[in-house]
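The values are calculated or read from the model by the stated rules, or taken from the named source; none is laboratory data. The structure displayed is predicted, hence computed values, not measured ones. Here the Cβ positions follow ideal geometry from the backbone for every residue, glycine too, while neighbour counts run over all protein chains shown.
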């Protein structure tokens, strides 16, 4: 070695250091055992109503492995023990297994139904004093917020405060991580392609400085209250009823019993003349006799004949 010089910069020295660091890290048992999988399967079901079939075993392994590495744990059983003992770790687990796929104005047929069928009826009855001028909406399983902000754009546009309308949107999700993004209301600029141009101009702001290349929800559509809510749990008291409930592409992750419980809660919190919107792969057939289909994946109370007929005109 040359006097006064260190060999720390030599590639072979760096490689040896890297190997030592890796050898000091806990070696993760890559494959989750069937016993461990079944324990997590039951826990996730009890906590969230989400049923992971055995086909999801490799998916669960991949998502939990990242968490184990972050916590320097070697075994899935160690992580399970930790999750059982600590509520924060249980919430982190649910963040890991939830899917946050969404986009603005997803399933356009639903937004067309609102604009062409429901909104004209509401405007007419509101102007005649036959309905409240407060519109309440629940976006259940709101993910990172694109759905409730899409609804906010449409509702504020059609029922502006200047015409004495009031919009209240509750957006709930199981994932704290997704809710943090939703509440911030900032997305990459390319997401703006999903938004109709007039709405994009009127209801979003172009990012500058650290937010350059992003768009932000404008103050006029921040009529949304975000909250963490588990659809598998009892709904908090004082929740009230809603004119619109959107729960799209959420129930497909539930088993039959969890689905029935969620639909029963939606039915109780749906206003007498309200409408429930489900995802394109979801149906209420055989789950709820008090709600009937008024359009594909759109439901109303069985006794709401007049409202459903008006909306269907």
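Points to keep in mind about this one:
- Of the residues examined, residue 276 is one that is assigned to a strand (DSSP E or B) and more than 15 Å from residue 49 (Cα to Cα).
- Within segment 204-234, the set of residues being touching a strand residue (DSSP E or B) at 6+ places or on another chain (Cβ under 8 Å), exposed (fewer than 13 other Cβ atoms within 10 Å of the Cβ) and part of a loop (DSSP other than H, G, I, E, B) comprises 213 only.
- Hey, residue 130 in the same structural domain as residue 268 (by TED's automatic domain parsing), over 30 Å from residue 210 (Cβ atoms) and assigned to a loop (DSSP other than H, G, I, E, B) or not: yes
- Conditions (1) in a helix (DSSP H, G or I); (2) closer than 29 Å to residue 256 by Cβ; (3) under 23 Å from the mean Cα position of the chain (by Cα): number failed by residue 101: (1)
- Failed item, numbered, when residue 281 is tested on (1) buried (at least 20 other Cβ atoms within 10 Å of the Cβ); (2) modelled with pLDDT under 90; (3) out of contact with any strand residue (DSSP E or B) (no Cβ under 7 Å at 6 or more places or on another chain): (1)
- Residue count, segment 62-87 (criterion: assigned to a helix (DSSP H, G or I) and over 30 Å from residue 260 (Cβ atoms)): 15
- Criterion: surrounded by fewer than 19 Cβ atoms within 10 Å (Cβ to Cβ) and either in a strand (DSSP E or B) or under 17 Å from the mean Cα position of the chain (by Cα) (or both) - qualifying residue of 193, 177: 177
- Failed item in (1) assigned to a loop (DSSP other than H, G, I, E, B); (2) at pLDDT below 90; (3) surrounded by 15 or more Cβ atoms within 10 Å (Cβ to Cβ), with residue 47 passing the rest: (1)
- Restricting 37, 113 to residues that are in the same structural domain as residue 243 (by TED's automatic domain parsing), at pLDDT 90 or above and crowded, with 17+ Cβ neighbours inside 10 Å narrows the list to 113.
- Applying the condition of being in a helix (DSSP H, G or I) and out of contact with any helix residue (DSSP H, G or I) (no Cβ under 6 Å at 6 or more places or on another chain) to segment 150-164 and asking which residue is surrounded by the most Cβ atoms within 10 Å (Cβ to Cβ) yields 151.
Here is a yes/no grid of residues against (1) closer than 22 Å to residue 117 by Cα; (2) without any contact (Cβ under 8 Å) to a residue 40 or more places away in the chain:
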position: 182; (1), (2): no, no
position: 188; (1), (2): no, yes
position: 191; (1), (2): no, no
position: 205; (1), (2): no, yes
position: 218; (1), (2): no, yes
position: 246; (1), (2): yes, no
position: 251; (1), (2): no, yes
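- Residue check for residue 291: modelled with pLDDT of 95 or more and in contact with a strand residue (DSSP E or B) (Cβ under 7 Å, 6 or more places away or on another chain): no
- When residues of segment 180-190 are limited to those that are under 30 Å from residue 49 (Cβ atoms) and in contact with a strand residue (DSSP E or B) (Cβ under 7 Å, 6 or more places away or on another chain), the one surrounded by the fewest Cβ atoms within 10 Å (Cβ to Cβ): 183
- Among the residues of segment 260-269, some residue qualifies, meaning at least one is crowded, with 23+ Cβ neighbours inside 10 Å and in contact (Cβ under 8 Å) with a residue 60 or more places away in the chain.
- Scanning segment 86-99 for residues that are under 16 Å from residue 249 (Cα atoms) and buried (at least 17 other Cβ atoms within 10 Å of the Cβ), we see that the one that is modelled with the highest pLDDT is 97.
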